[in-house]
1. Order 307, 275, 9, 18 by their accessible area, 1.4 angstrom probe, all chains in place, largest first.
2. Report ³J(HN,Hα) in whole Hz for each residue of the stretch 248-257, in order, from the Karplus equation J = 6.51 cos²θ - 1.76 cosθ + 1.60 where θ = phi - 60°; Gly and Pro get x.
3. Which whole-number value in Å² is the accessible area per residue of the stretch 193-290, probe 1.4 Å?
4. Keeping the other protein chains in place, figure out the carbon and sulfur percent of the accessible area of the stretch 220-320, with a 1.4 Å probe.
5. Quick one: which residues, 5+ away or cross-chain, put their amide H under 5 Å from the amide H of residue 147? H built at 1.01 Å from N.
6. For the stretch 164-176, what does the Karplus curve 6.51 cos²θ - 1.76 cosθ + 1.60, with θ = phi - 60°, yield as ³J(HN,Hα) per residue in whole Hz, taken in order and with x for Gly and Pro?
7. Find the centroid of the Cα atoms in the stretch 313-340 and in the stretch 182-219, then give the distance between the two in whole Å.
8. At 1.4 Å probe size, with no ligands or nucleic acids counted, give the accessible surface of residue 265 in Å², nearest ten.
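The values are calculated or read from the model by the stated rules, or taken from the named source; none is laboratory data. Only a predicted model underlies this, so the values are computations on that prediction, with no experimental measurement involved. In case anyone asks, the SASA skips ligands and DNA or RNA and just uses the protein heavy atoms, side chains included. Shrake-Rupley method; radii C 1.70, N 1.55, O 1.52, S 1.80 Å.
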Amino acid sequence: MRRIEFYNRVEETMEVERILSTDPTLITFIYGPINSGKTELFNNLIKNIPKSQKVFYINLRGRFISNYDEFIKVLFDVEHEARYQRIKEFLRPVVNVLPESYSGIPIPKDVFLNLFKEKEVEDAFDYIETVLRAFYKNDYPPVLVIDELQVIGDLKVDELLIYKLFNFFVRLTKELHLTHIFVVSSDSLFIEEVYSEAMLEGRCRYLLVDDFDRETTSAFLKKHGFTDDENAIAWEYCGGKPVYLVELMNYQNRKKKLKEMLLFRTGEIETILKRINELGGEIVIEDTNYNVNYEKLVEALKKFVDRETIDMNEVDEISKTFLVKKNILFVDPLRKLIAPQSKLNLLAIREVINSE
């Protein structure tokens, strides 16, 4: 199996390294279109972070979290007995022998079970803060990365858990300067909501990880043996979407594969619209159900027939939310733009509209 190395995220890597070289002061939200390489950026960074700087990486992708117990399970990396012997006194300098990165906050099993019993979110936060204090070493604050945090957006424990979590993150960064916190998300509606959230004003920053530009795409494909013609047609169909470019490398007849990819995506979008037209549909926005209107969806998509981006205010909220949730469109609240999730989506949208 061909393995593709991490490629040319110099600007984004330098920005994250700059953040890590300073005292923690702000929550950093990493956002961008789906499959643009956000998680891979951090996987690569974790490999190159100094060994004395501990990383806690919590990936919520694909996890269904509907209650407190499930939230606690994904938040912590339960220490079983053999491994626990190395960490039970981690408040002492033995943190030197621990791994450089964790898939959750390390916790002894008995403490973990007690958190289930008490069901107090604040207890869990107190424990996390204690762990992070223990791992703050030699002017290297620990790093906490949470990937796809939006999955807990609607979870309530007394009040929305996300707000409690944000307040906790503000305490760890702006107030205590204790740990660097990165929240990674491909859900642009979540980022839009965060961006408009008053409680985070002046307490966070945003870093866009977008698809490759034309020059980077060309250099990437040339490095992997694409001819000039293959390079040009790959850009025409896929733009700089890394996951599509890597997929193309597995095929000899790349032009044929690109046409198949476009045909498949066009069919998916046609099916989505057909179901709304024939069966109707609803979407929930801030706990309220709204009917999705077929004509307005088509009207929204028509705006991309001769443009690649549009202003956020050009599409009604219901249609925008529906099309983003279906991974057809991407919202960039900082630039106040809406765009298709990829060049392939743009071409598919145009195929669908032209066949109407």
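1. In descending accessible area the options line up as 275, 18, 307, 9.
2. Running phi through 6.51 cos²θ - 1.76 cosθ + 1.60 with θ = phi - 60° gives 4, 5, 8, 10, 6, 8, 6, 5, 4, 4 Hz.
3. Details: 5770 Å² over 98 residues.
That works out to 59 Å² for each residue.
4. On the way: 2790 of 6010 Å².
That fraction is 46 percent.
5. The answer is 58, 59, 60, 184.
6. 4, 5, 4, 4, 5, 5, 4, 4, 5, 9, 5, 8, 9
7. 14
8. 30
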